[in-house]
1. Against the condition outside any strand (DSSP E or B) and modelled with pLDDT of 90 or more, how does residue 82 come out, does it pass?
2. Being modelled with pLDDT of 90 or more, open to solvent by less than 60 Å² (accessible area, probe 1.4 Å) and either part of a loop (DSSP other than H, G, I, E, B) or of a type in the set (D, E, K, R) (or both) is the filter here; which residues of the stretch 91-105 pass it?
Amino acid sequence: MPSLAEDFQRLEGRWVKRGPGEEWLLAVQTDPFGGFQLSISVPESPAAIAKVGRLSGVQEDARGRYFELPPDEALPRRVYYRFDDDKLILDITEGPVRGQHTLVREREGVSAHSAWVIGAVVLGIVVLTVATVLVRSRMRKAAEPGAAADGGGR
């Protein structure tokens with residue numbers, strides 16, 4: 001069985017559950033600040049929950065492994081979880097979204113850093129292309145007959 005620290009690392013990332021009339025997002029960042037975001041939207045019920053806070057790690061008791069959330073009326077303080085292969089199963093014992101909920105890791109798109117690098121490369125290519133066109137244009141004008149006489153009067 002993985003250690004609590006390994007489990008905490010495995011929680012890192014974005015977990016989603018999308019179904020008819022509901023959308024869940026659990027985003028966990030295990031950096032030194034331990035940030036997390038939990039957003040649950042169930043439009044056909046009174047459940048619309050958004051939480052942002054810190055997770056300092058995961059804990060374990062006789063019932064299983066859990067992480068603690070800041071106090072809230074819609075969710076219990078302890079949310080028990082387990083991994084089933086590549087799925088994250090949350091066991092919510094109280095509130096409007098009680099029950100077991102299976103989330104999957106959101107497919108990773110391009111990270112913000114990678115998107116910035118790609119954008120910088122594209123911008124560099126555009127700037128280089130424009131500079132090349134301008135230089136060639138000026139070289140052609142300079143090579144035209146009479147260009148030297150026109151340029152000398154500045």
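The values are calculated or read from the model by the stated rules, or taken from the named source; none is laboratory data. Every value quoted in this text rests on a predicted model; they were computed, and no experiment measured them. All accessible areas refer to the heavy atoms of the entire protein, side chains included, with ligands and DNA or RNA removed. Shrake-Rupley method; radii C 1.70, N 1.55, O 1.52, S 1.80 Å.
1. no
2. 91
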